[in-house]
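Everything on this sheet refers to the single structure shown next.
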């Protein structure tokens, strides 16, 4: 295969939406540029209040921060001093770094196929556990946990151990059994929910996310974060994103992503690849030792994918053109 110029590459490695920001959000950002000489609201008061209304929770339970990954760093740090953090062994690659940065120790629990092994994770919780991280849908495998199994797991975890449910990809879910982690908080106050505007809303460059926590944990988490984050443009765009006209268009775009995702999975299976069901905006190929070679050949063919060496390859759902090119490449690999 011949090398491909960088400007002809299809980047399917970063879990970004293939769509540009919605026009209403671009307008807010453009108008906000006139005030770049002013510091942002360090408490994100308007966005916090808007999220509280939108979610039906108390403002005191909402923490706004620099994307879901940044918020996870704040939470894990603020939940100390217990030394251990339990998470799935094949999940968001940032978890071990976040845990290490917080001065804690990862307790990785092997997945059951492509899914969190919730029984094993509950068994891994001890008096030394600082918190548990659950990625639902899971990155990189795309698997989703159902209501009953997640509720059963929460019933096995001590009430004083925070369980952080990372729902960065929830907007792409089509499974009707997918739980809203905010609902689970009613029976399990130790549940902390983290979400982001980076993925479905197309605001990745602005780094805005939010967490819903027990109110008594919000201040400690806020104190671990940097001042004046998120920035003013991010706060304004995220607040506008809560309006009904934006969420209506968002739902249409997410439905398109889900349709393209189904096409990718079906095409990969038709080509002879193993492609598990996904509820996120990416698909997982468990290629094992062939992962690095597959990734290198894909790049030569003009496609960037995310390689977890020795485990598999994650492929973000892109434009129809990008998906077509990737499927053509994948067929050539069989």
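Observations on the model:
- For the residues 25, 12, the requirement of being closer than 30 Å to residue 299 by Cα, buried (at least 20 other Cβ atoms within 10 Å of the Cβ) and either touching a helix residue (DSSP H, G or I) at 6+ places or on another chain (Cβ under 7 Å) or not assigned by TED's automatic domain parsing to the domain that holds residue 139 (or both) singles out 12.
- Members of region 30-58 that are under 20 Å from residue 171 (Cβ atoms) and part of a helix (DSSP H, G or I): 47, 50, 51, 52, 53, 54, 55
- If only residues of region 63-93 that are assigned to a loop (DSSP other than H, G, I, E, B) and without any contact (Cβ under 8 Å) to a residue 60 or more places away in the chain are counted, the one that is nearest to residue 207 (Cα to Cα) is 91.
- When region 143-164 is filtered for residues that are more than 14 Å from residue 178 (Cα to Cα) and surrounded by 14 or more Cβ atoms within 10 Å (Cβ to Cβ), the ones remaining, listed by number, are 153, 154, 157, 161, 162, 163, 164.
- Here the condition is being in a loop (DSSP other than H, G, I, E, B) and either without any contact (Cβ under 8 Å) to a residue 40 or more places away in the chain or in contact with a helix residue (DSSP H, G or I) (Cβ under 8 Å, 6 or more places away or on another chain) (or both); of 225, 272, 234, 267, it holds for 225 alone.
- Across region 182-207, the number of residues qualifying as under 14 Å from the mean Cα position of the chain (by Cα), crowded, with 23+ Cβ neighbours inside 10 Å and within 20 Å of residue 218 (Cα to Cα) comes to 5.
- Enumeration of residues in region 275-299 that are closer than 22 Å to residue 309 by Cβ and in a loop (DSSP other than H, G, I, E, B): 275, 276, 278, 280, 286, 287
- Top-ranked residue in region 46-72 [being touching a strand residue (DSSP E or B) at 6+ places or on another chain (Cβ under 9 Å) and surrounded by fewer than 22 Cβ atoms within 10 Å (Cβ to Cβ); ranked as farthest from residue 106 (Cα to Cα)]: 49
- Number of positions in region 97-129 that are surrounded by 16 or more Cβ atoms within 10 Å (Cβ to Cβ), out of contact with any helix residue (DSSP H, G or I) (no Cβ under 7 Å at 6 or more places or on another chain) and over 29 Å from residue 315 (Cα atoms): 3
- Of the numbered criteria (1) touching a strand residue (DSSP E or B) at 6+ places or on another chain (Cβ under 9 Å); (2) surrounded by 13 or more Cβ atoms within 10 Å (Cβ to Cβ), the one residue 43 fails is (2).
- Wholly enclosed helices (runs of 4 or more DSSP H) of region 106-211 bearing at least 3 residues within 30 Å of residue 246 (Cα to Cα): 181-184
The values are calculated or read from the model by the stated rules, or taken from the named source; none is laboratory data. Computed from a predicted model, the values in this text were never measured in an experiment. With ideal geometry, Cβ positions are generated from the backbone for all residues, glycine too; neighbour counts draw on all protein chains shown.
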